[in-house]
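Reviewing the structure listed below.
The values are calculated or read from the model by the stated rules, or taken from the named source; none is laboratory data. Owing to the predicted nature of the structure, the values given are computational and were not obtained by experimental measurement. Because the Cβ atoms are built from the backbone with ideal geometry, glycine has one as well, and the counts that use them run over all protein chains shown.
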Amino acid sequence: MKRTICLILMTLFAIASGSGVSAQSAGTQSINVNIQPIAELKVSGGSTSLSIKEISAGDDPVSVSSTAGYYSISTNQSGKKITGYLQEGNTESGTTLSVTLQAPGAGGSSIGEVNLTAQPADLVVGIPAGAHQNCPMTFKFAATVEAGIIPSSTRTVVLTLTDNS
């Protein structure tokens, strides 16, 4: 009986240690990889109010401005630009709403202050590939006395990251 148990243990040990017969098998898997063009723009900072309330006698109203938000972009392509326009169309007669976008720190060029209209206008050009976060946007509202009284209204500024062509 001891001999049988010993023989069984030796057989199990031989199998476990690999001295027994073993079969090996291998397989392969082909993986197709690529990177698509990436061009993402995000605006943060919510909304703001720009209200002209006071002027000095004899002067046109002064403009008011605010750094009202930030934009962030990620792109794996060079030569991008940001355009902007007013979704609701042009501002009332005697008024302007303008924006200045700071260029990303790693490149690109800000056009500077641009009056927004219903037509897209370049705001930042020559944006290189990369991830750029929290670039400031400054909005400015100006009016002449001829604009009269304008009740509060909301304007939607549309920004688009597109090819620099």
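Does the stretch 23-55 hold any residues that are more than 34 Å from the chain's Cα centre (by Cα) and at positive phi, and which are they?
Matches in the stretch 23-55: none.
Does Ala131 satisfy the criteria of being at pLDDT below 95, among the small types (Gly, Ala, Ser) and surrounded by 13 or more Cβ atoms within 10 Å (Cβ to Cβ)?
Yes, satisfied.
How many residues are loosely packed, with under 15 Cβ neighbours inside 10 Å and either modelled with pLDDT of 95 or more or of a type in the set (Gly, Ala, Ser) (or both) when one looks only at the stretch 137-157?
Here the count works out to 3.
Which residue pairs have Cβ atoms under 7 Å apart, sit 6 or more places apart or on different chains, and have a first residue in the stretch 37-52 that is closer than 20 Å to Gln102 by Cα and a second that is surrounded by 12 or more Cβ atoms within 10 Å (Cβ to Cβ) and charged (D, E, K, R)?
Correct list of pairs: Ala39/Lys80.
For the stretch 66-87, state whether one or more residues are in a strand (DSSP E or B), aromatic (Phe, Trp, Tyr) and under 18 Å from Ile52 (Cβ atoms).
Taking every residue of the stretch 66-87 in turn, none turns out to be in a strand (DSSP E or B), aromatic (Phe, Trp, Tyr) and under 18 Å from Ile52 (Cβ atoms).
Has the stretch 118-133 got any residue that is β-branched (Val, Ile, Thr) and either part of a loop (DSSP other than H, G, I, E, B) or out of contact with any Ser or Thr (no Cβ under 8 Å at 6 or more places or on another chain) (or both)?
The answer is no, given that none of the residues of the stretch 118-133 is β-branched (Val, Ile, Thr) and either part of a loop (DSSP other than H, G, I, E, B) or out of contact with any Ser or Thr (no Cβ under 8 Å at 6 or more places or on another chain) (or both).
Could you check how many residues of the stretch 142-165 are part of a loop (DSSP other than H, G, I, E, B), in contact with a Leu (Cβ under 9 Å, 6 or more places away or on another chain) and more than 30 Å from Asp59 (Cβ to Cβ)?
1
Can you name the residue in the stretch 63-120 that is surrounded by fewer than 14 Cβ atoms within 10 Å (Cβ to Cβ) and hydrophobic (A, V, I, L, M, F, W, C) and is also nearest to the chain's Cα centre (by Cα) among such residues?
If we take residues in the stretch 63-120 being surrounded by fewer than 14 Cβ atoms within 10 Å (Cβ to Cβ) and hydrophobic (A, V, I, L, M, F, W, C), then Ala106 is nearest to the chain's Cα centre (by Cα).
Just checking, does the stretch 103-115 include any residue being at pLDDT below 95, in a loop (DSSP other than H, G, I, E, B), in contact with a Ser or Thr (Cβ under 8 Å, 6 or more places away or on another chain) and over 18 Å from Pro37 (Cβ atoms)?
Within the stretch 103-115, one or more residues are at pLDDT below 95, in a loop (DSSP other than H, G, I, E, B), in contact with a Ser or Thr (Cβ under 8 Å, 6 or more places away or on another chain) and over 18 Å from Pro37 (Cβ atoms).
Can you find a residue in the stretch 13-28 that is closer than 30 Å to Thr162 by Cβ, surrounded by 10 or more Cβ atoms within 10 Å (Cβ to Cβ) and either out of contact with any Cys (no Cβ under 8 Å at 6 or more places or on another chain) or at pLDDT below 90 (or both)?
No, there is no match, as no residue in the stretch 13-28 is closer than 30 Å to Thr162 by Cβ, surrounded by 10 or more Cβ atoms within 10 Å (Cβ to Cβ) and either out of contact with any Cys (no Cβ under 8 Å at 6 or more places or on another chain) or at pLDDT below 90 (or both).
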